[in-house]
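Chemist: Pasting a structure here, questions to come.
The values are calculated or read from the model by the stated rules, or taken from the named source; none is laboratory data. None of the values given here were measured: they were computed from a predicted structure. Here the Cβ positions follow ideal geometry from the backbone for every residue, glycine too, while neighbour counts run over all protein chains shown.
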């Protein structure tokens with residue numbers, strides 16, 4: 001989890017692109033020569049304000065948003081990151097308050113939001129194709145499947161530790177997983193927050209206790225702790241999902257170069273876990289510097305994203 005202190009980054013208003021006309025033949029020739037050489041594009045020269053929205057508590061959302069903030073600022077844009085819960089994030093994207101959201105899980109987790117806001121936002125492209133919702137337990141837990149969890153409830157304090165109430169994972173647990181498997185409805189489903197869930201996970205594992213939590217892959221916890229996912233033979237948590245980037249309506253037309261970059265974006269689990277673990281337990285004010293240092297360590301990969 002990443003600590004948050006102070007005010008969130010200010011919202012940047014979306015600006016149009018304005019080019020100054022050339023006043024002489026020499027200036028026109030210079031501009032033409034620059035364009036022909038590929039040294040700069042119209043959009044890159046003009047820049048523009050771009051606001052990315054990251055979901056509170058969703059580490060891959062925060063990490064990828066900060067990566068793109070860094071990359072876009074290096075390309076001459078004025079990129080900022082705002083933080084919101086899922087509902088507010090999708091609403092703000094649909095309303096045009098935000099420009100880019102990198103953390104849309106499809107086809108299951110965020111399906112209800114796409115049903116609600118899909119006509120007012122634009123799909124840009126998937127950057128991760130093996131995401132999964134999970135119920136995770138300590139690796140040495142005495143069970144291996146959700147079919148066994150209800151009968152072993154006492155071993156887990158009769159609790160399943162969840163995350164935010166508005167998360168798609170929480171809704172899936174309530175609507176599909178808990179009703180499907182015997183005994184789960186008799187357990188407490190503790191809806192709290194991602195940071196609270198991770199704190200409970202850390203404490204239980206430190207104390208050598210069993211714990212069951214709602215989690216997802218990719219997540220840094222799989223690199224930091226010895227965990228296993230309980231089997232879900234009925235498929236209530238869905239198959240592997242893709243993580244997709246969306247933009248506000250009209251973003252692709254206004255920022256075609258950025259849209260192309262985002263559409264081609266790919267990040268594997270190992271790179272993501274490495275970045276997330278460097279960001280763990282750090283104050284929000286420090287994250288931009290941490291991401292900048294990490295990008296410098298992975299400069300070849302970073303440069304490929306805006307090549």
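Chemist: Only one of (1) under 24 Å from residue 89 (Cα atoms); (2) at pLDDT below 95; (3) crowded, with 16+ Cβ neighbours inside 10 Å fails for residue 246. Which number is that?
Modeler: The failed condition is (2).
Chemist: Whether any residue in region 256-267 is in contact with a strand residue (DSSP E or B) (Cβ under 6 Å, 6 or more places away or on another chain), at pLDDT below 95 and surrounded by fewer than 17 Cβ atoms within 10 Å (Cβ to Cβ) is what I want to check.
Modeler: No, that holds for no residue.
Chemist: Residues in region 166-180: is at least one more than 29 Å from residue 274 (Cβ to Cβ), buried (at least 16 other Cβ atoms within 10 Å of the Cβ), modelled with pLDDT of 95 or more and out of contact with any strand residue (DSSP E or B) (no Cβ under 8 Å at 6 or more places or on another chain)?
Modeler: Within region 166-180 (the criterion being more than 29 Å from residue 274 (Cβ to Cβ), buried (at least 16 other Cβ atoms within 10 Å of the Cβ), modelled with pLDDT of 95 or more and out of contact with any strand residue (DSSP E or B) (no Cβ under 8 Å at 6 or more places or on another chain)), the answer is yes, since at least one residue qualifies.
Chemist: Taking the residues in region 154-188 that are part of a loop (DSSP other than H, G, I, E, B) and touching a residue at least 40 places away in the same chain (Cβ under 8 Å) as candidates, determine which candidate is farthest from residue 230 (Cα to Cα).
Modeler: Per the criteria, the residue is 166.
Chemist: Is it the case, given these coordinates, that residue 254 is free of Cβ contacts under 8 Å to residues at least 12 places away in the same chain and either in contact with a helix residue (DSSP H, G or I) (Cβ under 9 Å, 6 or more places away or on another chain) or in the same structural domain as residue 79 (by TED's automatic domain parsing) (or both)?
Modeler: So residue 254 fails the test.
Chemist: Moving to a separate point now. Could you please find all residues in region 113-153 being in contact with a helix residue (DSSP H, G or I) (Cβ under 9 Å, 6 or more places away or on another chain), free of Cβ contacts under 8 Å to residues at least 60 places away in the same chain and not assigned by TED's automatic domain parsing to the domain that holds residue 89?
Modeler: Passing the criteria: 150, 153.
Chemist: Out of everything in region 191-208 that is free of Cβ contacts under 8 Å to residues at least 40 places away in the same chain and over 23 Å from the mean Cα position of the chain (by Cα), what residue ends up being nearest to residue 150 (Cα to Cα)?
Modeler: Residue satisfying both the conditions and the ranking: 208.
Chemist: Residue 270 - would you say it is out of contact with any strand residue (DSSP E or B) (no Cβ under 7 Å at 6 or more places or on another chain), within 30 Å of residue 97 (Cβ to Cβ) and not assigned by TED's automatic domain parsing to the domain that holds residue 139?
Modeler: no
Chemist: So residue 59 ticks every box in (1) modelled with pLDDT of 95 or more; (2) within 25 Å of residue 298 (Cβ to Cβ) but one. Which box is left unticked?
Modeler: (1)
Chemist: Filter region 94-123 down to the residues that are modelled with pLDDT under 95, in a helix (DSSP H, G or I) and surrounded by fewer than 16 Cβ atoms within 10 Å (Cβ to Cβ) and list them by number.
Modeler: Result: 112, single match.
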